[in-house]
Amino acid sequence: MHRDRRAHDDVTERRRGPGADASETIVSGRRAVLEAVRAGLASRVVVARGARSTEGLREVLSAAQEEAVPVRETGRDELDRLAANHRGVVATVRIPRPIGERELASWPFGEQAVVVVLDGITDPQNLGAAARSAEAAGVAMLVTRMRRSADVTDAAIRASAGALLHLPHARVANIARALTRLQESGFEVVGLDERAERTVFEEAPPTGKVAIALGSEGEGLARLTREACDVLVRLPMRGRVGSLNASASLAAALYAFVLSGRAVGSGPAQPAS
């Protein structure tokens, strides 16, 4: 028995926040399509005629049936025109409008909420990988810049294994000002900066609401972003490699520092209906 589609859309809109106007995009790949369906954001699924019935494809078709998402078969040439490296399946997906700065200031975060702020991540693969680490760690929201920053595209969604479709996302004009808004909402802002004096093992793990900010590999945090942070920490690099990419740095900092000692289950807060 299919659940009521309109009721499911209402739940999705409340989860993603107020004013969730959506734009449509094509998402490809079995994992990304599966998560789009599970997130209630897929309006249709298109499968290559004669596609090999793998466990991944069966999961997609089962989820589409459960969520009452229409499925259509077509030739691979049509899929090739829609997306590269589609692995036999694509979906038309509604991407909700990102949360704005004012909404960020009034968002109903939980008392143990963690927010990830990406300052100048321009590569969609890095955006997706960072979002995957954040969502897996129970982060409540992802914040990125409007300009000189990767957008939520098929490539980013694929790199995130669909995590970007589950994670509330704010896009702001000014990262430093957004950090100030978070501080006014009770967040401690931790900057991950390779020039910091103290490592994540030397600084006491943050308690309560925390926002962790990081920049791109090589560039790091912008000066104003760094100055807006309450504390700066770095990851100790003990091998010959001088740095990690953004997603690897984020995962290490989240699990070794931010989440250390936190209660299990203190993940994303849901917007009030």
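Here, each number is a calculation from the coordinates, and none is a lab measurement. Keep in mind that what you see is a predicted model, and the values were worked out from it rather than measured. Positions of Cβ are generated from backbone atoms using ideal geometry, with glycine treated the same way; all protein chains shown enter the neighbour counts.
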Using helices alone, what [θ] at 222 nm do you get for the chain, with -39,500 (n - 2.57) per DSSP H run of 4 or more residues, divided over all residues and rounded to the nearest 500?
-> -9000 deg cm²/dmol
For helix 55-66, report the angle its Cα long axis makes with the longest principal axis of the Cα atoms of the chain; keep it between 0 and 90° and round to the nearest 10°.
-> 80
Taking H placed 1.01 Å from N in the peptide plane, check which residues at least 5 places from Ser43 or on another chain put their amide H under 5 Å from its amide H.
-> Thr92, Val93, Arg94
Over the alpha-carbon set of the chain, work out the extent along each principal axis and list the three values in angstrom, largest first.
-> 58, 46, 34
Angle between the chain longest axis and helix 5-16 axis [Cα atoms, degrees, rounded to 10] = 20
Anyone know which of Glu184, Glu111, Glu101 comes out most mobile in the 10 Å Cα GNM of the chain?
-> Glu184
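For the chain, what is the percent of antiparallel DSSP beta bridges, rounded to the nearest 5?
Details: 13 of 41 bridges.
Antiparallel bridges: around 30 percent, rounded to the nearest 5.
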Projected onto the charge dipole of the chain (+1 at Lys/Arg Cβ, -1 at Asp/Glu Cβ, origin at the Cα centre), which of Ala150, Ala204, Ser23 gives the Cα projection farthest towards the positive end?
-> Ser23
If you place +1 on the Cβ of every Lys and Arg and -1 on the Cβ of every Asp and Glu, how big does the dipole about the Cα centre of the chain come out, in debye to the nearest 20?
-> 460
Among Ala105, Ala42, Ala155, the residue with the largest mean-square fluctuation in a Gaussian network model of the chain built from Cα contacts under 10 Å is Ala105
For Val172, the net charge from surrounding residues (Cβ-Cβ under 12 Å; K, R +1; D, E -1) works out to +3
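Among residues other than Glu55 whose Cβ falls under 15 Å from its Cβ, what is the net charge (Lys/Arg +1, Asp/Glu -1)? Kindly include the intermediate steps, with their values, before the conclusion.
On the way: positive: Arg30, Arg31, Arg52, Arg58, Arg87; negative: Glu59.
Residues near Glu55 contribute +4 overall.
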Arranged from highest to lowest average of other beta-carbon atoms within 10 Å per residue, in what order do the peptides 117-127, 54-64 appear?
-> 117-127, 54-64
